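Asker: One structure, pasted below without further comment.
The values are calculated or read from the model by the stated rules, or taken from the named source; none is laboratory data. Bear in mind that the values here come from a model prediction, so they are computed numbers and not experimental data. Virtual Cβ from ideal backbone geometry, glycine too; neighbours counted across all protein chains shown.
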Amino acid sequence: MNLHGLVGFCDWLAASSPSQTIQTVSWIIPAVQTVHILCVAAVMSSVLIVAERQRALENPVYAGNRYLQVKIALIEVNRA
């Protein structure tokens, strides 16, 4: 690994215009962190949905019982 090349790249990146803007504007870091957290949450939600669908495909009994509590709650509400 060429360490001198990496140091040169880091120096160039730190001196670039976008880097200088990020270093001087105080609200950019919290905004980028917020967007990053929301994107990670979206990816994790997608993974959870895919895992639940896969689980339902592998076990048909689970697919039928997945919404059982919701169905029972709706029946109770309609009964009242």
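Asker: Go through the residues of segment 52-59 one by one and say whether even a single one is of a type in the set (A, V, I, L, M, F, W, C), in contact with a Phe, Trp or Tyr (Cβ under 8 Å, 6 or more places away or on another chain) and either at pLDDT below 90 or on the phi > 0 side of the Ramachandran plot (or both).
Answerer: Checking segment 52-59: at least one residue is of a type in the set (A, V, I, L, M, F, W, C), in contact with a Phe, Trp or Tyr (Cβ under 8 Å, 6 or more places away or on another chain) and either at pLDDT below 90 or on the phi > 0 side of the Ramachandran plot (or both).
Asker: Which one is nearest to the chain's Cα centre (by Cα), of the residues in segment 1-29 that are assigned to a loop (DSSP other than H, G, I, E, B) and of a type in the set (Ser, Thr, Tyr)?
Answerer: For segment 1-29, the residue satisfying everything is Ser26.
Asker: Consider Thr24 carefully, then state whether it is at pLDDT 80 or above and surrounded by fewer than 10 Cβ atoms within 10 Å (Cβ to Cβ).
Answerer: In short, yes.
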